[in-house]
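Enquirer: Quick one: structure below, then a few questions.
Taken together, the values in this text are just the output of simple stated rules run on the coordinates, not laboratory data. This is a predicted model, so every value here is computed, not measured. Don't worry about glycine lacking a Cβ; one is built from the backbone with ideal geometry, like all the others, and counts go over all protein chains shown.
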Amino acid sequence: MKFHSALHFVSFIALALTQLVFPSKGAAQVTTTQPVKNIVLVHGAWADGSSWSKVIPILQSKGLHVVCVQNPLTSFADDVAATRRIIDAQDGPVLLVGHSYGGAVITEAGNNPKVVGLVYVAAFAPDKGESAATQGKPYGPTPGLAELRPIGDGFLVLTQKGIQEDFAPDLTTDEQMIMVATEVPTQGAALASTISAPAWRNKPTWFVIASNDRMISPKQEKDSAEKMNAKTLILPTSHVPMLSRPEEVAAFIIDAASDLSRFKTAGK
């Protein structure tokens, strides 16, 4: 192709970049007849993407493309926006996986048309008008909630005791201390933000129930799974089954991706 001037060349590059970075709306519409190879993992409060460090290599060994969202944990809107950006960046259908508060995030962000299925791991799954905080109220306070401490500007942290005894008691001491060192303060208001449209009402769902969870009531997890008619896996773990039982959690996610690849429609 010939360019008659430097300005013509610059204009051509600008147009090409626009089409690359901002694809047409129709390009984002995918169907579940495509194999599901993209796994987007969403961490919860007081954590970061390293929550998935043991699951990632297992998923990758099966040929899946794995990306972790790094939630800023500054607000629910910020976390949903961060998740949507990663979903939009994928080149095909997405299986969206959320842990803990990340379950609330995927419940909202999962309405993205690229998302064809949702996996909840020891997670909140609020309905329309509910938040992570209000969903848990009927089940009473769990032991871990007593170990939350404010640090200013509305942010909360979990004490070392809370991490070792309530968040991840079935990890080694070394692993627990890494979690203490890498803990991300979480804006308390994020936990009180409500869902506008729960994606789990319209898309296939899977749920890992942690039967020894001390952060979210195991009964709440079970009730959520039943409400959304999710395929379930019950593991006798703490709040972090993806770290204490990564092989089982990874296999569950792999099976979900395989099931979705056989679906012909996006409905349940």
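Enquirer: Can you work out ³J(HN,Hα) from phi for every residue in region 123-134, in order, using Karplus 6.51 cos²θ - 1.76 cosθ + 1.60 and θ = phi - 60°, giving whole Hz and x for Gly and Pro?
Expert: 10, 6, 9, x, 8, 4, x, 9, 10, 4, 5, 6
Enquirer: Can you give the FRET efficiency for LYS128 and LYS219, using 1/(1 + (r/R0)^6), R0 = 22 Å, r = Cβ-Cβ distance, to the nearest 0.05?
Expert: E between LYS128 and LYS219, to the nearest 0.05, is 0.55.
Enquirer: While we're looking at this one, here's another question. For every helix of n ≥ 4 consecutive DSSP H residues, a contribution of -39,500 (n - 2.57) applies; sum these over the chain, divide by its total residues, and give [θ] at 222 nm rounded to the nearest 500 deg cm²/dmol.
Expert: It lands at -10000 deg cm²/dmol.
Enquirer: I want to check the label-to-label distance for ARG85 and SER53. Put each point 7 Å from Cα in the C-beta direction and report it in nm to one decimal.
Expert: 2.4 nm
Enquirer: Between ARG262 and GLN34, what is the label-point separation in nm under the 7 Å Cα-to-beta-carbon projection?
Expert: Rounded to a tenth, the inter-label distance reads 2.2 nm.
Enquirer: Computed over the Cα atoms of region 32-262, what is the convex hull's projected area averaged over all directions, in nm²?
Expert: Details: hull surface 43.4 nm².
For region 32-262, averaging the hull's shadow over all directions gives 10.8 nm².
Enquirer: Please work out the FRET efficiency for the pair LYS231 and GLN160, using the Cβ-Cβ distance as r and a Förster radius of 41 Å; give the result to the nearest 0.05.
Expert: 0.70
Enquirer: Another question about this same structure. Over all alpha-carbon pairs of region 133-268, lay out the pair-distance distribution in 10 Å bins, whole %, shortest bin first.
Expert: Computed distribution, short to long bins: 11, 33, 37, 17, 2.
Enquirer: Only bridges whose two residues both fall in the chain count here: according to DSSP, what percent of them are antiparallel, nearest 5?
Expert: 20 percent
Enquirer: Taking neighbour counts of Cβ atoms within 10 Å as a proxy for exposure, in what order, fewest first, do MET177, MET228 appear?
Expert: With the sparsest Cβ surroundings first, the list reads MET177, MET228.
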